[in-house]
1. I want to make sure I understand the PRE zone here: with the label point 7 angstrom from the Cα of Ala189 toward its beta carbon, which residues in segment 204-242 have backbone N atoms less than 13 Å away?
2. Any idea what Rg and Dmax come out to for segment 111-214 if you just take the C-alpha atoms, in Å?
3. Could you tell me what a quarter of the Cα convex hull surface of segment 128-281 works out to, in nm² with one decimal place?
4. So what's the net charge close to Val204: Lys and Arg +1, Asp and Glu -1, counting the other residues with Cβ under 14 Å from its Cβ?
Amino acid sequence: MSTSPLNLLKFSTLLLTLAACGSSGGGGSTGGSSGSTSTGGAAAEPYTGFVIFGLVGANEYDGQAGFYATIAGGSCPGGTVQGSCCYQSAAAEAAYAKTVPLADVSAGALTLQDGARSFGSLPFTAGKGYASVNSATTASVTWSPGDTLGVSATGDASGVASFSGTVVAPSPLSGVTPALATLSTLSRASDFTLTWTANSAATVALVILANAATTSDGTIHCSATGSSGTLTVPTALLTNFAAGDMAVLELGASNNVPLSVANASVELTAEATASGSATLQ
């Protein structure tokens, strides 16, 4: 997996989703990416999975999916929770990541749709899982806020059973203050508060990844409802980062739908994300 900010955000969101699935007995955290709603991993559901429709910035669209053996964990495995935020050190993230099965599980042929229009298929390769599709290589991978996005899977007799479902694409957040694109410094000495114009998205998730030149300070995940218009990162968590290091911030609005699958707990997500970076002070 690439260590680009986008993939790190989605990987972090996946870890929290998988953790929630494994820790609940059969009920349902996004965002993340991140606080997304999840159906839980019961004995009758040996697999856990996700399908994500992602919009990055103004015009980078992609679709991706992954399915695994259900794993145990908490909503902030090995980390510290304050309010709606979770801090995980690099060591805690690495320890938890080791519990994620290396072998991907197939759910058969996956088709992505925007309303009645099919715009992509995700091919599965044994040992590698599902390849993503994106607008950089496939012009048809695009949609508009408010569109009903769908997925259908034919199922695999040796893996995840067939399923289908839909989710509404959220609008990108507007009126974000401070603007992530122009943020240059991030103080650890006080709470960091983001505000935005109230949005109909089910979840707004913020992920902050902090790194020195060669080492990681860990990650903070926070979530709120789109309609709340505000999210605060406590200073007590920010002080886990080191002054002078670089923080990458990913802010996303998402809608999340737990799908009904015979032998799996699968979450369908549509998200719109934006990013920025800042030097920690």
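Readers should treat all values here as calculations from the given coordinates under stated rules, not as data from a laboratory. These figures come from a predicted structure and were not determined experimentally. All Cβ positions, even for glycine, are placed from backbone atoms using ideal geometry, and neighbour counts span all protein chains on display.
1. Label zone hits: none.
2. 19.0, 54
3. Working: hull surface 46.1 nm².
It is 11.5 nm².
4. -2
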